[in-house]
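The values are calculated or read from the model by the stated rules, or taken from the named source; none is laboratory data. In this text, all values refer to a predicted model and were calculated from it rather than measured experimentally. Glycine also receives a Cβ, built like all others from the backbone with ideal geometry; neighbour counts cover every protein chain displayed.
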Amino acid sequence: MSDRNRKEKNEPFGEIVKSMNQFFQEKPVRGLLQTMDDFFKNPFPFASSFHVDLKENAHEHIITAELPGVNREQIQLNVFDHYITITVLAADIFTEEDSHQNIVRKQQTMKKASRTIPLPHPINEKKVKASYQNGLLQIRVPKQKGKPILIDEIK
């Protein structure tokens, strides 16, 4: 008797293990398990934020956001009072078809990341300039100049 036949006879759960392995290799279960594996490898792929750098010079505040792999159309900028909010929306659609061009599985995901940057003065949105190139968003906000107030001398 060969070693293989002896091993199969001595293993009481051999058939059950074989059935379970076949079950987990079937298409729907394998797809579900792969999705779960992908999630646990990277549970927050886009995270809820991204790196933002704020610098200033004598005339303006310069906000730089690192957004690699993001299209310009996915970026939204909002100004409210003395806050600038950068929002990135990304939608992915994945479709799997069988050999007859029938859709077997369709998956759609929406990802949203947002950062709000406070500035020390109200922002005039008409004077804000933004540019996006090679994954770097740069926002230039001119500084507001206050009006001097004369102080009366009380006699």
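Assorted remarks:
- Taking every residue in segment 114-138 that is more than 18 Å from residue 71 (Cα to Cα) and pairing it with any residue that is surrounded by fewer than 12 Cβ atoms within 10 Å (Cβ to Cβ), at least 6 positions away or on another chain, the pairs with Cβ-Cβ distances below 8 Å are 122/81; 123/81.
- Flag if residue 78 is within 21 Å of the chain's Cα centre (by Cα) and under 30 Å from residue 128 (Cβ atoms): yes
- Comparison of 148, 120 shows that the only residue that is exposed (fewer than 14 other Cβ atoms within 10 Å of the Cβ) and under 14 Å from residue 61 (Cα atoms) is 120.
- Answer residue from segment 52-68, given it is under 17 Å from residue 115 (Cα atoms) and loosely packed, with under 10 Cβ neighbours inside 10 Å and is modelled with the highest pLDDT among those: 55
- Selection count where residues are within 24 Å of residue 119 (Cα to Cα) and surrounded by 11 or more Cβ atoms within 10 Å (Cβ to Cβ), scope segment 75-104: 14
- The condition (being under 13 Å from the mean Cα position of the chain (by Cα), farther than 18 Å from residue 129 by Cα and not polar (S, T, N, Q)) is satisfied by just one residue among 70, 104: 70.
- Candidate set: segment 108-130, residues that are aliphatic (A, V, I, L, M) and modelled with pLDDT under 90; chosen: the one farthest from the chain's Cα centre (by Cα): 110
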